[in-house]
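To start, the structure under review is shown below, and the notes come after it.
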Amino acid sequence: MKLIVYLNTQYHLVKMNAYDHKKIEKKWQSEWAKKKIFVAKEKSQKKKCYVLDMFPYPSGEGLHVGHPKGYIATDIFSRMKRMQGFSVLHPMGFDAFGLPAENYAIKTKTNPAVGVARNVKRYKEQLAIFGFDYDWGREINTTDPEYYKWTQWIFLQMWKKGLAFESYEPINWCPSCKTGLANEDVENDGTCERCGTKVEKKPMRQWVLRITDYAEKLLSGLDEKDAEGNLYVQWPESIKELQRNWVGKSEGALVKFKIKDSEDFIEVFTTRIDTIFSGTFLILAPEHPLLEKYAPIISNKKEIIAYQKKTAEITEIDRTNATREKSGVLINGLIVINPATGKEMPVWIADFVLAQYGTGAVFADAHDRRDFDMAKKYNIPLAVSIRPATGGNVESVKSLTECFEGDGILFNSGEFDGLSSETARGKITAWLDSKGLATPKIQYKLKDWVYSRQRYWGEPIPLIHCEKCGVVAVPEKELPVKLPKVKKYEPTGTGESPLSAIDSWVNVKCPKCKGKAKRETNTMPQWAGSSWYHLRYTDPKNTKKFADPKKEKYWMPVDLYVGGAEHATRHLIYARFWHRFLFDCGYVGTPEPYKKYQYVGLIMAEDGRKMSKRWQNVVNPYEIIALYGADSMRLYEMFMGPFDQAISWNTNSMIGSRRFIERVWKLCQTMHEKDIHIKSTGTVLPSYFHRTIKKVGEDIESLKYNTAVSTLMMCLNEMESDSEVGKKQCELFLQILAPFAPHVTEELWRLFGNKKSIHVSDWPLFDPNRISESRLNIPVQINGKVRATIIADATAGEEKIKELALEDPDVAKWLVGKKVIKVIYVKGRLLSLVLA
RNA sequence: GCCGGGAUGGCGGAAUUGGUAGACGCACACGACUCAAAAUCGUGCGGAGUAAUCCAUGGGAGUUCGAUUCUCCCUCCCGGCACCA
């Protein structure tokens, strides 16, 4: 309310030169487009800078004030780089395959492409209002056949290298979406990420990408350096840590437990082979394949099948819930031999053992909480072989009243008694290895990527199933395999894609033998298109090649990548995987795609919750821009707080950045009208100006936009009371403000008579020798408390400062009757006196 | 439970990485201008005290001449992972 009154009064006072953001912003946006100043060019002699935003999904709902935050940040960064003489690539596009568009199509019975086109158009109109410096000539859309031709092509390269395989294992199945989901698409509570329905397990033929083959490279790539010793991946350490945890490397051993009266072994992966002497039983995942193989000798099959059924009904998340009580079933008839002790061990199944991790089998002992609890519940014999190295209650460990899980000292372990857990692991592995019963093994948490979706709105998987030849690739010259028009977009519910209902599309000739064959009807997940889009921007119009190597080499890697923290694992892992693969094949010149990555802190609503229709707390950016202008909006979002931190929106605070812009406007108008140039000082700039240029440049470089803006505000405060300020200083100020507030600075820049855009002008330089003041303010501490401040010449040394301090009356009064026993001088910063 | 990030005035935040705590902005108060209001400009603005001064960066200890910053313990908040063998 207050704000509307404020702005209305402004318009009552409209003068010839009043600041009219609406007029100015529109004018310069069309002028920049006309002059093509943001078009990216490959210029061999220039330094390059590739700035990338995570491209949006063009949803039907409008933008809220939080969405543009990241875009503003990259816009500021790329504008500064352009002014600093870099050849800048700052593109934008749309990630438009996926469920929302498909669900909308089902509801409206229209082709999803129609809705996508409309949303893209609207999205672009909305982005335009902010004045972003995108090179729209490179716009991409993942649903464009010219784009997904290459998504399919990359998939084929992977398939040819054996990285894509069919799997019939049970997959996550959403009964509502009627489609399979990757583990990563299932929420923590076992529900579908999209619709919230409880996810079930259902066996289904799927295409899976062998991302686990790249586990080691995804891990080591985080610390890999180029020839000059620079890290390929210069991300925040916390994000790297997230990726390391996602890959989840653990080193251990594969141990063989011989099955009694059989030649077979059960293989177990363990990281705690030091506990093997206390292994008294074995636990298999209920889905373990050996159960079927040994069915004839198992006497309690019914019980086992019942347990298997029960297990299938609960999600993996529930199975791995620490608070659930342990349960299991003894397999009657199956006995294995402990390779270390030679003793017989019964075999159980339990749902907390997962088939997908390790070998789907564990050996159990008293040194694991889960095993311990299960043994106590079913009265399974336990043994101990590790005691705490120091402290701890050894007796309660030995008497099995306490479960000791840590590393310690071995006992009851034959020749390994007395060794520490760590040493013992290597020695025991070697000992069993020599008997052919164990091998060192590295295991990863990372799971292979379930890649197919039984959906319409995705890239068709370019494979053909031939009765004679098996799976055959669609020849490259026939790509793209275009999505055919269908009548119904609904999932079939049988697990097959709607594409399977189109006989004319499905039935083809085998490319190899020309016999009868059928197309693969699964489509790719939404992650596919976003796993390589950074490459497409380097050469978006090339229909003949995946990318022009010259252009690709020129722009890659991405110098700055900005997007949501929620993508820190999935998207960034997938994109790194694809890029690594393409690098290994020689299609790209860089091992890692994104050099710098910074995540955006969410903008929350004023009530502290996430902005959502549901809470009715969404702030519409276009209402804000209509009132305050895009420049004020941009400035405010950057000034709010640290860029990577979540922060609540506060419309009241918007007024500050609007006032700031108006004061810049007023100052420049005054200089212009009165034609004030630099006075006596000529071209010499005051030191605060040098400091501002330095600080703003450094802050933009490291995305510390909040302090960059406050530095600009301080500079303006100084300028307003500085009689030496003229047009020249105003121009320099406009230049360093230009990335933040591109429209108003352009208007004033031209007002001063400049013919070319401020955004292609040269970024101002500062003089390092003029950064510091000629006079120093030195605080004087006495016993750690500041008691006085002395003013000294900048050239004054320690002796001079000390002398001045002792003369100072505020200091002197504390010295009465005391002795100075220690003097600490921090150069140019502080003097500390310690009194006895 | 584990890992990571936090906690600073009425509010958002700053602090050169161990050196004047509260920059910059919002809000608020007073003053100028105005018939009046808004806008604008100026002044003030952590708490206590007339003042000297004292207290104060979630709480408690420690290291140091000096701690928002480092160490240890505790409380709370936010993210991520979670029976991973």
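Taking the DSSP bridge list for chain A and keeping only pairs wholly inside it, about 75 percent are antiparallel. Candidate cross-link partners of A:K674 among the lysines, defined by an alpha-carbon separation under 17 Å and a same-chain spacing of 8 or more, comprise A:K15, A:K666, A:K727, A:K728. According to the Kirkwood relation over distinct C-alpha pairs, the hydrodynamic radius of region A:774-828 is 11.5 Å. With 21 Å as the limit on Cα-Cα distance, the pairs of A:K41/A:K550; A:K260/A:K435; A:K23/A:K694; A:K47/A:K704 that go past it are A:K23/A:K694; A:K47/A:K704.
Principal axis extents of the Cα atoms in region A:43-105, from largest to smallest and rounded to whole angstrom, are 49, 26, 10. Taking the charge dipole of chain A about its Cα centre, with +1 at Lys and Arg Cβ atoms and -1 at Asp and Glu Cβ atoms, the residue from A:S774, A:W235, A:V562 reaching farthest to the positive side is A:V562. Here is the list for region A:671-778: trypsin sites (Lys or Arg not before Pro) lying in DSSP coil, each with at most 13 other C-beta atoms within 10 angstrom of its C-beta, are A:K674, A:K679, A:K755, A:K756. Partners of A:K813 within straight-line reach, counting lysines whose Cα lies under 25 Å from its Cα and excluding those fewer than 8 residues away in the same chain: A:K785, A:K800, A:K802, A:K822, A:K827. Taking the Cα atoms of region A:123-168, the ratio Rg/Rh between the radius of gyration and the Kirkwood radius comes to 1.26.
For region A:501-619, what class follows from the C-alpha gyration tensor (a ≥ b ≥ c being the square roots of its eigenvalues): rounded when a/c is under 1.5, otherwise prolate if a/b is larger than b/c, else oblate? It comes out oblate by the Cα gyration axes. Calculated from the alpha-carbon coordinates, region A:525-593 shows an Rg and a Dmax of 11.9, 35 Å respectively. Using Cβ point charges alone (K and R +1, D and E -1), the dipole size of region A:32-119 about the Cα centre works out to roughly 680 debye.
A DSSP coil position with no more than 16 other Cβ atoms inside 10 Å describes the following chymotrypsin sites (Phe, Trp or Tyr not before Pro) in region A:722-809: A:F752. Would you compute the Debye intensity of region A:564-713 from its alpha-carbon atoms alone, equal scatterers and no solvent, and pass along log10 I(q)/I(0) at q = 0.09, 0.11, 0.17 Å⁻¹ to two decimals? Result of the Debye calculation: -0.49, -0.68, -1.08. List the aspartates and glutamates whose Cα sits under 15 Å from the Cα of A:K516, skipping any in the same chain fewer than 8 residues away. Within the straight-line cut-off, A:K516 pairs with A:E467, A:D503.
Ranking A:P440, A:C585, A:I676 by Cα position along the charge dipole of chain A, where only Lys, Arg, Asp and Glu carry charges on their C-beta atoms, puts A:I676 farthest toward the positive end. Over every Cα atom in region A:66-149, the radius of gyration and the widest Cα-Cα span, Dmax, amount to 15.5, 51 Å. Taken over the Cα atoms of chain A, the convex hull encloses 248 Å³ per residue. In summary, the convex hull built on the alpha carbon positions of region A:230-360 has an orientation-averaged projected area of 11.0 nm².
Only Lys, Arg, Asp and Glu carry charge here, each on its Cβ (+1 for the first two, -1 for the last two); on that basis chain A has a dipole of about 2460 debye about its Cα centre. Spatially, region A:725-799 and region A:399-438 are offset by 66 Å when compared through their Cα centroids. Kindly identify region A:725-836 as rounded, prolate or oblate by the Cα gyration tensor criterion: order the square roots of the eigenvalues as a ≥ b ≥ c, call it rounded if a/c is under 1.5, otherwise compare a/b with b/c, prolate if a/b is larger, else oblate. The shape class here is prolate. Among the trypsin sites (Lys or Arg not before Pro) in region A:47-137, those located in a DSSP loop and surrounded by at most 10 other Cβ atoms within 10 Å of their own Cβ are A:K109. Calculated on the Cα set of region A:452-567, radius of gyration then Dmax: 17.5, 50 Å.
Using a cutoff of 8 angstrom between alpha carbon atoms and counting only pairs six or more residues apart, the relative contact order for chain A works out to 14 percent. Within region A:428-496, the proportion of Cα pairs with more than 16 Å between them is 72 percent. Across region A:107-116, computed HN-Hα scalar couplings (Karplus, 6.51 cos²θ - 1.76 cosθ + 1.60, θ = phi - 60°) run 5, 9, 6, 10, 5, x, 4, 5, x, 4 Hz from first to last residue, x flagging Gly and Pro.
Rounded if a/c is under 1.5, else prolate if a/b beats b/c, else oblate: with a ≥ b ≥ c from the C-alpha gyration tensor eigenvalues square-rooted, which is region A:393-458? Note, shape of region A:393-458 comes out oblate. When the listed pairs A:K343/A:K376; A:K217/A:K595; A:K258/A:K293; A:K107/A:K178 are checked against a 22 Å cut-off, every alpha-carbon distance falls at or below it. Expressed as a whole percent, the proportion of Cα-Cα pairs in region A:730-791 lying more than 12 Å apart is 73%.
Rule-based calculations on the coordinates, nothing more; no lab input. Being a predicted model, the structure only gives us computed values, none of them experimental. A quick note on method: Cβ atoms are made from the backbone with ideal geometry, for glycine too, and the neighbour counts reach across all protein chains shown.
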